[in-house]
């Protein structure tokens, strides 16, 4: 499943916006054509999701005596190379002019009552990896699947005398965000981890002492499902300060998988955000801010039951409002592709605004600190997040509560 991840991400729109998902850019490189050295890792010696290569057994090529070029010969070679580059560049430009008409004329339209929506996938028809002819079916299936595997609202209170409280869940997810960063895992792995935890806690009743065990085991399962090179069980034993043995983690793995009936493919907000960002043609900063807003929602218990597609839509809309001004609109194209209107997102936007306002306070600040880093464009510390848009929405949410 993880091997086909690159193609799936391209289908979901990553390749259309260079730089939108830099977090996964370096993961999984050097996969093919190189020997991998298997090293037994004690604790966190080497837990990066990067392949380690070895040069053992590779013989260096032997060259004969090198001919020393004269200045005249060097100049002649440079001139010929430059001429070839210019000719090649001109040929490419001519080809682009012939085969790439203007955007407006290259797109077909999708007709709806009273509106005209351009087909954003028209330009991808020549790319076999993006399989644009199936993209509508893929997202229709994802929307169907997210409703089939839906989390109930306030699911922790559905069981009588449940010892697990929302505050405990929040602390666990905050800690797992730090573990996820320490292991250098893919961003999808974190969302899948939280999804597995919530779905399992909805079905099973566990003690407080087992909550962290459920957390590390869920990340182990998510890593096996999504990563090219998953951390070992001993890594999770170490990261939990040896609170659990290897056998306990493996036993809990079987319990969780049986409880979920081995269904791990629940859609996550990232799948939908990539699509919406492509439709809205946003830049890397707006996309990065939307990712920050979505990750803030992971720790918020009151948003667990909200559909991933709706979380993604609200996150992008708030990002557009914050960075694009209050006049930024949720366009007809976004309504068509997301199936949500602006008024459908108001409740989620209010809760997101409160999360942004309190992100740097309290004990659970892992997501805020993560997105203050340069790797994530420091979106969490932007002054725009103190804008009237956030303040008004948060005040409105507090008054409703």
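Looking at the structure I just gave you, is residue 253 closer than 23 Å to residue 346 by Cβ, touching a residue at least 24 places away in the same chain (Cβ under 8 Å), surrounded by fewer than 20 Cβ atoms within 10 Å (Cβ to Cβ) and touching a helix residue (DSSP H, G or I) at 6+ places or on another chain (Cβ under 7 Å)?
no
Considering only the range 231-253, I want to know if a residue exists there that is part of a loop (DSSP other than H, G, I, E, B), assigned by TED's automatic domain parsing to the domain that holds residue 196 and either under 23 Å from the mean Cα position of the chain (by Cα) or under 30 Å from residue 390 (Cα atoms) (or both). Break it down stepwise before answering.
In the first step, residues of the range 231-253 are kept if they are part of a loop (DSSP other than H, G, I, E, B); the result is 231-232, 240-245.
Those left that are additionally assigned by TED's automatic domain parsing to the domain that holds residue 196: 231-232, 240-245.
Those left that are additionally either under 23 Å from the mean Cα position of the chain (by Cα) or under 30 Å from residue 390 (Cα atoms) (or both): 231-232.
Yes: one or more hits.
Cβ contacts < 8 Å: first residue not assigned by TED's automatic domain parsing to the domain that holds residue 380, restricted to the range 355-368; second residue exposed (fewer than 14 other Cβ atoms within 10 Å of the Cβ) and in a loop (DSSP other than H, G, I, E, B), any location; separation 6+ or different chain. Result?
Between residues of the range 355-368 that are not assigned by TED's automatic domain parsing to the domain that holds residue 380 and residues that are exposed (fewer than 14 other Cβ atoms within 10 Å of the Cβ) and in a loop (DSSP other than H, G, I, E, B), there is no close pair.
Within the range 324-333, can one find any residue that is closer than 28 Å to residue 138 by Cα and in contact with a helix residue (DSSP H, G or I) (Cβ under 6 Å, 6 or more places away or on another chain)?
yes
Only residues in the range 108-123 that are more than 15 Å from residue 275 (Cβ to Cβ) count as the first member; pair them with residues that are part of a strand (DSSP E or B) and at pLDDT below 65, Cβ under 6 angstrom, at least 6 apart or cross-chain, and list the lot.
116/109
Kindly establish whether residue 336 is more than 26 Å from residue 153 (Cβ to Cβ), in contact with a strand residue (DSSP E or B) (Cβ under 6 Å, 6 or more places away or on another chain) and either not assigned by TED's automatic domain parsing to the domain that holds residue 192 or not in a helix (DSSP H, G or I) (or both).
yes
What residue, among those in the range 280-332 that are under 24 Å from residue 119 (Cβ atoms) and outside any helix (DSSP H, G or I), is modelled with the lowest pLDDT?
The qualifying residue modelled with the lowest pLDDT is 328.
Taking the range 98-121 as the search range and keeping residues that are touching a helix residue (DSSP H, G or I) at 6+ places or on another chain (Cβ under 6 Å) and within 27 Å of residue 308 (Cα to Cα), which one is modelled with the lowest pLDDT?
Here the residue is 115.
Before we move on, is residue 211 touching a helix residue (DSSP H, G or I) at 6+ places or on another chain (Cβ under 8 Å) and crowded, with 20+ Cβ neighbours inside 10 Å?
No, not satisfied.
Any residue at all in the range 365-383 that's within 27 Å of residue 149 (Cβ to Cβ) and touching a strand residue (DSSP E or B) at 6+ places or on another chain (Cβ under 7 Å)?
Looking for residues that are within 27 Å of residue 149 (Cβ to Cβ) and touching a strand residue (DSSP E or B) at 6+ places or on another chain (Cβ under 7 Å), one finds none in the range 365-383, hence no.
Quick one: count up the residues across the range 124-152 that are surrounded by 13 or more Cβ atoms within 10 Å (Cβ to Cβ) and more than 24 Å from the chain's Cα centre (by Cα).
1
If I ask for residues that are farther than 11 Å from residue 301 by Cβ and surrounded by 14 or more Cβ atoms within 10 Å (Cβ to Cβ), which ones from the range 160-171 would you list?
So the first thing to find is which residues in the range 160-171 are farther than 11 Å from residue 301 by Cβ, and the list is 160-163, 171.
Selection gives 163, 171.
The values are calculated or read from the model by the stated rules, or taken from the named source; none is laboratory data. Values in this document were obtained by computation on a predicted structure and should not be read as measured data. For neighbour counting, all protein chains shown are included, and Cβ atoms are generated from backbone atoms with ideal geometry for every residue, glycine included.
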